[in-house]
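This report refers to the structure that appears directly beneath it.
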Amino acid sequence: MTDAFLPFAAPDIGPEEIAEVVSSLQSGWLSTGPKVQRFEQDFAAYTGARHAIAVSSCTAALHIALAALGTGPGDEVIVPTMTFCATANVVVHLGARPILVDVDKHGLLSTESLAAAITPRTRAIVPVHYAGQACDLDSILKLAARHGIPVVEDAAHAVGARYQNLPIGCFGTATAFSFYATKNMTTGEGGMITTQDDALAARMRLLALHGMSQDAWRRYQQAGSWFYEVTAAGYKNNMTDLQAALGIHQLRKLDQFILRRRRLADAYTQSLTGLPFVTTPVELPGRYHAYHLYPLWMDFPRLGLTRDEFISQLRKAGIGTSVHFIPLHYHPYYQRTFGYTQGQFPVADHLYAGLISLPIYPRMTDAERDKVIHVVAGMVTRCRPTVAAGRTT
Ligand SMILES: Cc1ncc(COP(=O)(O)O)c(C=O)c1O
């Protein structure tokens with residue numbers, strides 16, 4: 001067992017990534033260039049998508065995808081409330097209205113809530129593959145197709161996840177990935193958009209870099225031309241070669257990273273399932289869970305302590321944790337601007353009351369994993385030593 005503080009998340013950067021970044025620094029080309037191109041090709045091959053467009057974050061990916069689909073004032077975009085604020089903030093940036101809906105008990109977009117929220121103003125649906133597990137894409141895509149509505153998947157947690165044995169990234173109208181420092185693979189900050197649609201890809205690529213017809217790498221190559229045209233008021237959301245240098249090597253390690261995450265998750269599940277008032281996450285049929293997160297659900301009132309107390313005791317024991325997520329309808333901006341209120345989405349409300357995410361990442365050792373299990377199980381048992389073991393939800 002180690003005594004050092006175990007952070008909630010940490011990246012796994014090897015000598016290959018470091019050497020590639022150094023070679024980019026030495027090459028004299030730091031911004032969008034040959035390494036971004038290579039990373040995009042590798043990522044498209046990995047996901048089975050026709051197009052992959054590297055951008056500065058998943059937030060930018062969602063923003064660009066929705067912008068390219070023409071989202072604007074008067075439109076509605078359906079977003080599950082159990083997500084990070086970026087999923088809905090970008091809808092607001094485009095002048096449209098985020099329509100929050102409830103999730104199922106696994107934290108995934110509920111198809112029933114989705115169906116009930118569709119209106120003639122719905123411009124897009126944004127399912128979130130919460131914690132690294134794919135939503136019920138069959139029914140979501142079927143419903144969306146019936147109404148002619150594009151689906152932009154928020155796969156910030158789901159690079160490396162699979163649905164019906166196919167990689168996330170080849171299903172929806174567009175899929176947005178995150179390479180933020182804590183994600184399944186990282187470029188420090190960064191993101192990717194995949195799509196099978198040629199015209200949409202061209203539009204998204206244009207919007208990611210000022211709306212210019214030609215990027216700098218193409219213009220400054222020997223055969224390049226200085227001329228470009230601005231055909232849309234685009235954004236400055238391109239990825240740099242320094243980021244892609246990391247991404248190329250992280251992508252090669254991704255399947256190993258996910259395997260390690262899955263092994264850690266299996267160990268947590270085996271050891272913590274059956275503890276009183278604790279519910280462990282479940283891998284649903286047809287899914288290959290990437291376990292970006294390991295969210296436990298705990299019945300804190302019945303355990304006789306608050307979540308804050310539990311988290312602070314874990315911190316004292318040297319273990320970092322987090323909560324995913326504070327649902328969007330709890331945030332003052334969304335309440336004030338759109339009238340959402342706490343208690344409005346019963347499943348998300350119930351989940352939020354008991355969620356706590358345990359550390360899970362490839363660099364964690366077996367000893368660190370066992371320490372988390374030992375401390376969590378010990379605390380739960382001490383809370384109510386007389387209560388019979390059993391699942392509560
Ligand atoms: C569900 C979800 N969507 C989007 C994002 C935004 O990702 P990024 O930080 O790459 O912009 C995050 C970030 O944590 C997220 O958890």
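What follows draws every value from the coordinates through simple rules; no lab data is involved. Since we're looking at a predicted model, the values are computed, not measured. Reconstructed Cβ throughout: ideal geometry from the backbone, glycine too, with neighbour counts over all protein chains shown.
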**OP:** Evaluate E = 1/(1 + (r/R0)^6) for S213 and T381, where r is the Cβ-Cβ distance and R0 equals 45 Å; express this FRET efficiency to the nearest 0.05.
**Re:** 0.10
**OP:** State the answer as a single residue: which of V372, Y333, H93 lies farthest towards the positive end of the charge dipole of the chain, with beta carbon charges of +1 for Lys and Arg and -1 for Asp and Glu, about the Cα centre.
**Re:** V372
Original post:
Hey, fewest Cβ within 10 Å first, where do W226, W297, W29 land in order?
Top reply: W226, W29, W297
**OP:** Measure up K35/K142; K35/K236; K105/K253 against 28 Å on the Cα-Cα distance and list the ones that go over.
**Re:** K35/K142; K105/K253
**OP:** Report the label-to-label distance for R252 and A4 in nanometres (one decimal), using points 7 Å from each Cα along the Cα→Cβ vector.
**Re:** 2.6
Original post:
Taking only C-alpha pairs under 8 Å that are 6+ residues apart, what is the relative contact order of region 59-188 in percent?
Top reply: 21
Subject >> Rough spin-label spacing in nm, given labels placed 7 Å along Cα→Cβ, for T306 and V230 >> reply: 5.1
Subject >> the chain, relative contact order [Cα under 8 Å, separation at least 6], % >> reply: 23
Original post:
What are the semi-axes of the equivalent ellipsoid for the chain, taken as the square roots of 5 times the Cα gyration tensor eigenvalues, largest first, in whole Å?
Top reply: 37, 27, 17
**OP:** Could you work out how far apart the two model spin labels at E16 and I326 are, taking each label as a point 7 Å from the Cα in the direction of the beta carbon, and quote it in nm?
**Re:** 3.9
**OP:** Can you put I258, I64 in order of Cβ neighbours within 10 angstrom, beginning with the fewest?
**Re:** I258, I64
Original post:
When the chain is fully extended, how far beyond the present Cα-Cα distance does Q270 get from R121, taking 0.36 nm per residue of separation?
Top reply: 49.1 nm
